[in-house]
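The values are calculated or read from the model by the stated rules, or taken from the named source; none is laboratory data. All figures in this text were calculated on a predicted structure; none of them were measured in a lab. Note that each Cβ is placed from the backbone with ideal geometry, even for glycine, and that neighbours are counted across all protein chains shown. What goes into the accessible areas is simple: the full protein's heavy atoms, side chains included, and nothing from ligands, DNA or RNA. Shrake-Rupley method; radii C 1.70, N 1.55, O 1.52, S 1.80 Å.
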Amino acid sequence: MNPIKTMLIGITALTLFTLAGCSSEAGDAADTNTEKSTATSQETFTWKMVSTWSDTSSSGEYEQEFVDLVDQLSNGRLKIKRYSQGQLVSPTQVLDTVSKGTVQAGGDWPNYWSGKNTAFDLLGSHVMGFSGYDFFQWIYAAGGLEQYNRIYGKFNTVYFPITTLSTESGIRSNVPIRGLEDYKGLKVRIAGLIQTRVMTELGASPVSIGVYDVYEALQRGVVDAGEVGGPDSDEILHLQDVTKYWSTPGWHQSAAVYGIAINKDAWNELPEDLQNIVATASEAIMARSSANRNYMDGVAARRFEEEYGIEVNQMPDQDLKTIEGIVNKAVRDIAAKNPDFQEVLESQQAYLKAYAPYRRMQGPWSFGTNELNGYRLD
């Protein structure tokens, strides 16, 4: 990134967000030692950061931008060396590696850790629930960040979201999926606890495959269909070369969050000003990456139709209602078994309830507009 633009991001974040509040929020979760922080304010630190993402992925690029911005804002006092997925540890070992303090930080998608605590599933994505904008508001204005640090705190880490992603592409396949009946008997690559349960209920066989193995799995027929991310990510992985059909909307992931987990002990060693810089850098990258990623998804989506000739099929409303029923039952079942899941869910529902009246008042402009009701030049 251009250094001037990077600094502008930092300055903008400093203006728009309250430094002390954000660092205090994360610091409270990590029991920050304020006395030591003041005494070591000129000390320098060198960290290692592992990741679940490759260097060429959008998530990997935003993580590197975060690392670079921390370096610039701290004048080199906090240097973080980022290692791509698989360089030091496998993607499945990222949280454990950070939790143990083997490295100081790790980039992830919270859903990857739902096997450790199902509450992670609500922190990483929603099925037919939050939009990316909802996640953004909940995190910074309605108590969401405390929930991330409460759950990640159980694993000796503090958490800083750096990207929100709006609705994913949908399901890409080599057989048309136009309705629920078409899922029966298909082998579908899908990620997420609730998503997997829905696929099973629909008569499909959910298959767990790493993001970077999806292309080959589709090419070789190991799976009949699959999802990865938004159109931009799908295009980077060349899924247009190994699929013919695209089933929308992306009900399986109406929004997602990606971020960086930091070892609590390493966090507590940082002086307060460096903690403020980490918090500010995460907010700045969150704002920029979310805007960029969602726009690039829109641009890439047009290419799938107009350049690659992919057949796009819209799932009927009644079928979406059926899926919604399955999702809500799954959510209730999981909440009944895990108080952590229940607490995160209640926080998210409280946000939705508080914002709902004004959302209705905003009508079609609640978030964005479309070509039918926007300004026109023709």
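Summary table below
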item: Paramagnetic reach from residue 83 (point 7 Å along Cα→Cβ, amide N under 14 Å) across the range 104-123; result: 104-107
item: Correct choice for Cα extents along the principal axes in Å that was computed from the model, options (i) 77, 59, 34; (ii) 70, 52, 34; (iii) 65, 49, 41; result: (iii)
item: Ratio of Rg to Rh over the range 161-236 (Cα coordinates, Kirkwood Rh, two decimals); result: 0.96
item: Amide H contacts under 5 Å for residue 207, placed H, 5+ residues apart; result: 188, 189, 190
item: Excluding exposed DSSP-loop trypsin sites (Lys or Arg not before Pro) (at most 10 other C-beta within 10 Å), longest clean stretch of the chain; result: 185-375
item: Carbon and sulfur %, accessible surface of the range 137-206 computed with the full protein complex present, 1.4 Å; result: 50
item: Calculated FRET value between residue 356 and residue 213, using beta carbons and R₀ = 41 Å, to 0.05; result: 0.55
item: Solvent-accessible heavy-atom area per residue, rounded to whole Å², over the chain at 1.4 Å; result: 45
item: Theoretical gain in end-to-end length, residue 43 to residue 292 [0.36 nm per residue, Cα-Cα removed]; result: 86.2 nm
item: Mean Cα-pair separation over length for the chain, i.e. relative contact order, pairs under 8 Å, 6 or more apart, %; result: 24
item: Estimated FRET transfer efficiency (residue 349, residue 154; beta-carbon r; R0 30 Å; 0.05); result: 0.85
item: Fluctuation leader among 60, 229, 179 - the chain, Gaussian network, Cα springs under 10 angstrom; result: 179
item: Efficiency of FRET from Cβ geometry, residue 100 and residue 75, R₀ 25 Å, rounded to 0.05; result: 0.25
item: Backbone N under 13 Å from the residue 265 label point (7 Å along Cα→Cβ), restricted to the range 137-166; result: 156-157
item: Normalised convex hull volume, the range 182-313, alpha-carbon set, Å³ per residue; result: 126
item: Near-label residues of the range 186-216 by backbone N, under 14 Å of a point 7 Å along Cα→Cβ of residue 337; result: 193-198
item: Solvent-accessible area, 1.4 Å probe, carbon plus sulfur percent, for the range 213-306; result: 45
item: Carbon plus sulfur fraction of accessible area for the range 65-124, probe 1.4 Å, in percent; result: 43
item: Accessible area, probe 1.4 Å, largest first, for residues 270, 237, 193; result: 193, 237, 270
item: Computed over the range 149-197, Kirkwood Rh from alpha-carbon pairs, angstrom; result: 14.4
